[in-house]
Amino acid sequence: MNVIELVELVNKKRREMNKEKLEEEIRRTLNQLSELRDSIEKLREVKTKMILCSEEINEDKKSVLQSNDPDYISNMVNLIYQKVNNCYKKIEEERRIKIEEQKRRIREINEKILVYKKIFKNIFNENIDVYILSDKLEDLDSEIKKGESEIERLNDILKSRVGSNLELLVKLIENNEIEIDQENLNEVIELIRFLVNKGLILSLRFSK
């Protein structure tokens, strides 16, 4: 092999090496672009959730904005995506629990209001209009406040008529019976006298 052939061989090998390196770089760049495109889609997907979970990812967002490394950016976006979804699941669970508690409170208030309505009807022979709460509304807290105001209103009216025996009367209406012992004996006797004077007939049940 002469010198010219040797030079040509070296150049050929160099071109092949450069070509392989270039192809590898192109593949790597295309892969990075694909990952960045996926990252953008992930950010779009959790855009609204990110607002609710901003504190969870604030530092991660800063590090992404300060970086020029595509691989690092993609990895951080994946981390942000995971954090945001976990954060949002936690928020949704807390919201679900809160709504359940609100609906339970609404049921309690409605039951109390209906007991008051029953007292008006059965004892005072008055069929009054009352506000019954709905658990289908968006603002359940506001609905609960309305219900609590309604209970307070009805309670004030009945207390002015029944007096200190109202609490005992409510228990009687709720349970259709009350337990009598040494502590509440005088209150029960007073309540019985009040009810009998209203024309009601009561029955006494003995239990051991």
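The values are calculated or read from the model by the stated rules, or taken from the named source; none is laboratory data. On a predicted model such as this, the values are computed, not experimentally measured, just so you know. Note that each Cβ is placed from the backbone with ideal geometry, even for glycine, and that neighbours are counted across all protein chains shown. For the accessible areas, the whole protein counts, side chains as well, though only heavy atoms, and no ligand, DNA or RNA atoms are used. Shrake-Rupley method; radii C 1.70, N 1.55, O 1.52, S 1.80 Å.
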| said: Can you report the principal axis dimensions of segment 128-208 using only the alpha carbons, biggest first, rounded to whole angstrom? | reply: 48, 30, 23
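Could you size up the charge dipole of segment 164-207 around its Cα centre, putting +1 on the beta carbon of Lys and Arg and -1 on that of Asp and Glu, and report it in debye to the nearest 20? Don't skip to the answer; put the middle values down first.
Details: 4 positive and 8 negative charges, 60 e Å.
My answer is approximately 280 debye.
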| request: Measure nothing but the geometry: give the 0 to 90° angle between the long axis through the Cα atoms of 166-175 and the longest principal axis through the Cα atoms of the chain, rounded to 10°. | output: 70 degrees
| field | Correct option for Cα extents along the principal axes in Å [calculated from the coordinates] among (i) 51, 43, 29; (ii) 71, 40, 24; (iii) 132, 39, 24 | value | (iii)
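GluC sites (Glu not before Pro) within segment 84-132: which are DSSP loop residues with at most 14 other Cβ atoms inside 10 Å? If you can, show how the numbers build up before the last one.
Working: sites: 92, 93, 94, 100, 101, 108, 111, 126; in loops: 126.
Sites meeting the loop and neighbour criteria: 126.
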| message | Nothing charged except the Cβ atoms of Lys and Arg (+1) and of Asp and Glu (-1): what's the magnitude of the dipole of segment 135-199 about its Cα centre? Round to the nearest 20 debye. | response | 500 debye
| the chain, accessible area per residue, ligands and nucleic acids excluded (1.4 Å, Å²) | 76 Å²
| Using alpha-carbon coordinates, inclination of helix 70-124 to the longest axis of the chain, degrees | 10 degrees
| message | Rolling a 1.4 angstrom probe over the protein chains, ignoring ligands and nucleic acids, what is the accessible area of residue 135 in square angstrom, nearest 10? | response | 50 Å²
| said: Taking 31 Å as the cut-off for C-alpha to C-alpha distance, list the pairs among 49/103; 62/98; 83/145; 61/89 that go past it. | reply: 62/98; 83/145
| request: Keeping the other protein chains in place, figure out the carbon and sulfur percent of the accessible area of segment 164-207, with a 1.4 Å probe. | output: 48 percent
| Which listed residue (184, 157, 168) has the Cα farthest towards the positive end of the charge dipole for the chain, taking +1 on Lys and Arg C-beta and -1 on Asp and Glu C-beta about the Cα centre? | 157
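With +1 assigned to the C-beta of every Lys and Arg and -1 to the C-beta of every Asp and Glu, and no other charges, what is the dipole magnitude of the chain about the Cα centre in debye, to the nearest 20? It would help to have the intermediate numbers written out before the result.
Working: 40 positive and 43 negative charges, 83 e Å.
Roughly 400 debye for the chain.
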| note | If one compares the long axis through the Cα atoms of helix 3-45 with the longest principal axis of the Cα atoms of the chain, the angle in degrees, nearest 10, works out at 10 degrees
| In whole angstrom, how far apart do the alpha carbon centroids of segment 44-60 and segment 105-166 sit? | 43 Å
